[in-house]
Amino acid sequence: MFVLGVLVAAPAPLAAQKPSFTVGWSVYVGWNPYYYMNRSGIMKKWADKYGINIKVQRFDYAPSLEAFVAKNIDACAMTNMEALDMPAAAGIDTTAIIVGDYSNGNDALLTRNGVTLKDLPGKKLLLVEKTVSQYLFERAMVMNGLESQIKRVQLVNTSDADIAGAFLSDRSHPAVVTWKPLVSQIAKQPGITNIFNSSQIPGEILDLTVVRTEVLNRPDGAGQKFAKALTGAWYETMALMSGKGPATDKVLTGIAEGSEDTLASYKEQLSTTHLLYTPQSALQLTTSSDTKQKMTLVKTFCFLHGLLGQNTRSADEVAIRYPDGAVQGKPDRVRLRFDTLYMQLASDAKL
């Protein structure tokens, strides 16, 4: 006599489960492609290729940075300035794996009634303090020989949600610094002049995809697979965006939906964004000596405004490592790394 047994499948061991990662993004012309990458299935395709799961999560900008610093997400879209003054200042070693674009007119200083830069001392200026807006304003003053007058300008800290309405509804405000699409909204009004914008400081306001270095260095190698999948999905999307005609417009319309924009509005924002559509162009910018010089300007601004941490006594205490191995700052204090490995693999069609 024998007993028929019932075979019951044992649960899969944890080691057999796919490693999972999360990338965070927020609404901005250069980061909206993440919305499309997720919605279109491009991100899943690349994640599947490398045997991992990737969650694409939308945030408001500041909360995305906070989630990255808190290690609740593994990668995040942010500017070069925030890569320094948020995770790096918090002591988190961060690696930029994709240099996506630079602002080429998206950020602007607007005035009404013919007010010029030299007229600003003693007047109020609306902006979001200690962000790229304040950086842009100070660069404008320095480049026009008005450095000594910077502190005479009365900065009015105004949230990005309120700044357009505050400026347009109160005609006593002579000047504002903000970014698109708010710049476009303000500039449509009569009597408004764009007196300085980011096209005059090309390559200084960079948009990056960054990953925590400890994630990249996971012993199981899954972190590198994550970086490869992100990079592969990014440049597949860039190729779709860089064409002409109805097929490209369909892709751009899909991307614009991520910020509830129209195709026309999104194209207008792209016109003042130097998007690095190919890995070759991204590599060229990232390895340029100009990038080191421009990062010095950004890091100096962050230090002078106390953005590198309260106890930071020198800008060198938050160091940057560049693709050629050069370190700007103390070698044992590297907090931001520019790694061209993944962009190079994309360039060589080896992803």
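Can you tell me how many residues within the range 33-59 are farther than 16 Å from Ala75 by Cα and either modelled with pLDDT under 95 or not in a helix (DSSP H, G or I) (or both)?
3
Among the residues in the range 315-327, are any part of a loop (DSSP other than H, G, I, E, B) and modelled with pLDDT under 95?
Among the residues of the range 315-327, at least one is part of a loop (DSSP other than H, G, I, E, B) and modelled with pLDDT under 95, which makes the answer yes.
Just name the residue that is most open to solvent (accessible area, probe 1.4 Å) out of those in the range 282-302 that are of a type outside the set (A, V, I, L, M, F, W, C) and within 17 Å of the chain's Cα centre (by Cα).
Step one: filter the range 282-302 for residues of a type outside the set (A, V, I, L, M, F, W, C), giving 284, 286-294, 296, 299-300.
Among the residues that remain, those that are also within 17 Å of the chain's Cα centre (by Cα) are: 286, 291, 294, 299.
Details: Thr286: 5, Thr291: 9, Lys294: 51, Lys299: 10 Å².
Across the range 282-302, the extreme among qualifying residues is Lys294.
Just to confirm my filter: which strands (runs of 3 or more DSSP E) fall fully inside the range 105-222 and include at least 2 residues that are in contact with a Ser or Thr (Cβ under 9 Å, 6 or more places away or on another chain) and modelled with pLDDT of 95 or more?
Numbers: elements: 107-112, 124-127, 154-157, 175-179, 192-197, 206-212.
Result: 107-112, 124-127, 175-179, 192-197, 206-212.
Please state which one of Leu230, Leu240, Leu252 is in a helix (DSSP H, G or I) and open to solvent by 30 Å² or more (accessible area, probe 1.4 Å).
Values: Leu230 fails: open to solvent by 30 Å² or more (accessible area, probe 1.4 Å); Leu252 fails: open to solvent by 30 Å² or more (accessible area, probe 1.4 Å).
None of the other options fit; the residue is Leu240.
Consider the range 62-72. How many of its residues are crowded, with 22+ Cβ neighbours inside 10 Å and in contact (Cβ under 8 Å) with a residue 24 or more places away in the chain?
Summing the residues that are crowded, with 22+ Cβ neighbours inside 10 Å and in contact (Cβ under 8 Å) with a residue 24 or more places away in the chain in the range 62-72 gives 2.
So the check is Cβ under 8 Å with 6+ separation or different chains; which pairs have a first residue in the range 328-351 that's open to solvent by 50 Å² or more (accessible area, probe 1.4 Å) and a second one that's outside any helix (DSSP H, G or I) and of a type in the set (Asp, Glu)?
Within 8 Å, the pairs are Arg337/Asp93.
Within the range 47-61, which residues are open to solvent by 100 Å² or more (accessible area, probe 1.4 Å) and touching a residue at least 40 places away in the same chain (Cβ under 8 Å)?
Here is the first cut: in the range 47-61, the residues open to solvent by 100 Å² or more (accessible area, probe 1.4 Å) are 49, 55, 58, 60.
Within the range 47-61, Lys49, Arg58 meet the criteria.
Quick check on my filter: what residues within the range 331-351 are of a type in the set (Lys, Arg), modelled with pLDDT of 95 or more and over 20 Å from the mean Cα position of the chain (by Cα)?
Selection gives Lys350 alone.
Quick check: anything in the range 303-325 touching a residue at least 40 places away in the same chain (Cβ under 8 Å), open to solvent by 30 Å² or more (accessible area, probe 1.4 Å), in contact with a strand residue (DSSP E or B) (Cβ under 8 Å, 6 or more places away or on another chain) and not β-branched (Val, Ile, Thr)?
No.
Could you identify the single residue in Glu268, Glu260 that is in contact with a helix residue (DSSP H, G or I) (Cβ under 9 Å, 6 or more places away or on another chain) and open to solvent by 50 Å² or more (accessible area, probe 1.4 Å)?
It is Glu268.
The values are calculated or read from the model by the stated rules, or taken from the named source; none is laboratory data. All of these numbers come straight from a predicted model, not from anything done at the bench. In this analysis, Cβ positions are derived from the backbone assuming ideal geometry, glycine residues included, and neighbour counts consider all displayed protein chains. Please note that ligands, DNA and RNA were not included when accessible areas were found on the heavy atoms of the full protein model with its side chains. Shrake-Rupley method; radii C 1.70, N 1.55, O 1.52, S 1.80 Å.
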